[in-house]
1. Here are some conditions: (1) surrounded by 20 or more Cβ atoms within 10 Å (Cβ to Cβ); (2) free of Cβ contacts under 8 Å to residues at least 40 places away in the same chain; (3) over 20 Å from B:Ala60 (Cα atoms); (4) within 15 Å of the chain's Cα centre (by Cα). A:Gly58 meets all but one. Which one does it not meet?
2. Evaluate the following for B:Tyr82: is it in contact (Cβ under 8 Å) with a residue 60 or more places away in the chain, surrounded by fewer than 18 Cβ atoms within 10 Å (Cβ to Cβ) and more than 30 Å from A:Val41 (Cβ to Cβ)?
3. Quick check on my filter: what residues within segment A:34-55 are small (Gly, Ala, Ser), over 16 Å from A:Ile117 (Cα atoms) and in contact (Cβ under 8 Å) with a residue 12 or more places away in the chain?
4. What pairs come out if I take residues in segment A:85-112 that are more than 7 Å from chain B (Cβ to nearest Cβ) and pair them with residues that are among the hydroxyl-bearing types (Ser, Thr, Tyr) and buried (at least 23 other Cβ atoms within 10 Å of the Cβ) whose C-beta lies under 9 Å away, six or more apart or interchain?
5. What residue, of B:Ile106, B:Ile53, B:Ile77, B:Ile94, is surrounded by fewer than 19 Cβ atoms within 10 Å (Cβ to Cβ), free of Cβ contacts under 8 Å to residues at least 40 places away in the same chain and assigned to a helix (DSSP H, G or I)?
6. Looking for whichever is at pLDDT 90 or above, out of contact with any His (no Cβ under 9 Å at 6 or more places or on another chain) and at the interface with another protein chain (Cβ under 9 Å from one of its Cβ atoms) here; the options are A:Val23, A:Val56. Which one fits?
7. Please state which of the following conditions B:Ala95 fails to meet, knowing it meets all the rest: (1) of a type in the set (Gly, Ala, Ser); (2) more than 7 Å from chain A (Cβ to nearest Cβ); (3) under 19 Å from A:Tyr61 (Cβ atoms).
8. Scan A:Tyr119, A:Tyr78 and give me the residue that is surrounded by 17 or more Cβ atoms within 10 Å (Cβ to Cβ) and either over 21 Å from B:Thr58 (Cβ atoms) or modelled with pLDDT of 90 or more (or both).
Amino acid sequence: MKNPIIAGAIAGVISGIFGATMVAVGYSIGLYGIPLAPMTVAVPVFILLTIIFGTVLGLIYGRFHSLILGNGLKKGLYFGLMIWFIKDIMAASYVILIMEQIAVGINLIVVGLYLWILYGLVLEALYKPSK
Amino acid sequence: MKSGLTAGFIAGIITGLLSTIFLVVGRYMGLYGILQPPKITELLIFSLGWIIITIITTIAFGFIYEKFYDSIPGKGIMRGLYFGLLIWCIKDVIAGTYCIYSGIMISGLIEWVAAGINLIVIGIYMWTIYGLTLGYLYKPKK
């Protein structure tokens, strides 16, 4: 696939479904306390958000593809970890240390780790830049 | 300045100081709700913590800026601005939106929503200042 935006959107669908499944599992075992919205609403919204952000990140991936370390799936893995580091680790450090919202920060770091690793791997598997 | 790390470090100090001033002024203006006026020691600890986290974060971003410099659109200060906005988009908009989502859909806690909005609002001026300063300071090796 030569279009990074479409590759990003598809990677967003897959990681969104996986992430939403994990959230649903967390829900069912009471990890998040008493849920506010029904799962039939929360899961599709989570997937939709990941598709939107996956598309944006796919565009960024296409632009910086040649500069990212590694080859093959490793390149995708590094990109996913970079997103996790920038988006979740850094945002969580502000949220935990400054806003004193520890649960929010931990949630960002834990959910973000598997979500963006999977996203990066799928994105790299799909995206083949034009030479 | 030819080192992205050093440029990021200096831009981080400037960003940390300016954003701390904005945050403290905002707090006194009641921008974050009606809170007890902070004690001086609390204020100092908060400000110091904010500046330290900002500097650590921005050194890492300086390294990333140097690495991806050629692929970032724009020239000079504008290139820095685009980079700052890219960080804002990835770090604050995406993370903030997931926080707001979790607050509304999952936990039902208003603090989660507030944390998400805080990330997005504070991030915009913070990373704009950072990007402009970094773009001004960093000059790549030829």
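1. Exception for A:Gly58: condition (2).
2. On the way: in contact (Cβ under 8 Å) with a residue 60 or more places away in the chain: no; surrounded by fewer than 18 Cβ atoms within 10 Å (Cβ to Cβ): yes; more than 30 Å from A:Val41 (Cβ to Cβ): yes.
Spelling it out, it is not the case that B:Tyr82 is in contact (Cβ under 8 Å) with a residue 60 or more places away in the chain, surrounded by fewer than 18 Cβ atoms within 10 Å (Cβ to Cβ) and more than 30 Å from A:Val41 (Cβ to Cβ).
3. Matches in segment A:34-55: A:Ala42 only.
4. From residues that are more than 7 Å from chain B (Cβ to nearest Cβ), the pairs are A:Gly105/A:Tyr94; A:Val111/B:Tyr98; A:Val111/B:Ser102; A:Gly112/B:Tyr98.
5. On the way: B:Ile106 fails: surrounded by fewer than 19 Cβ atoms within 10 Å (Cβ to Cβ); B:Ile77 fails: free of Cβ contacts under 8 Å to residues at least 40 places away in the same chain; B:Ile94 fails: surrounded by fewer than 19 Cβ atoms within 10 Å (Cβ to Cβ).
Of the residues listed, the single one that is surrounded by fewer than 19 Cβ atoms within 10 Å (Cβ to Cβ), free of Cβ contacts under 8 Å to residues at least 40 places away in the same chain and assigned to a helix (DSSP H, G or I) is B:Ile53.
6. It is A:Val56.
7. Among (1) of a type in the set (Gly, Ala, Ser); (2) more than 7 Å from chain A (Cβ to nearest Cβ); (3) under 19 Å from A:Tyr61 (Cβ atoms), the lone unmet condition for B:Ala95 is (2).
8. Unique residue meeting the criteria: A:Tyr119.
The values are calculated or read from the model by the stated rules, or taken from the named source; none is laboratory data. Keep in mind that what you see is a predicted model, and the values were worked out from it rather than measured. Glycine gets a Cβ as well: all are built from the backbone with ideal geometry, and neighbour counts include every protein chain shown.
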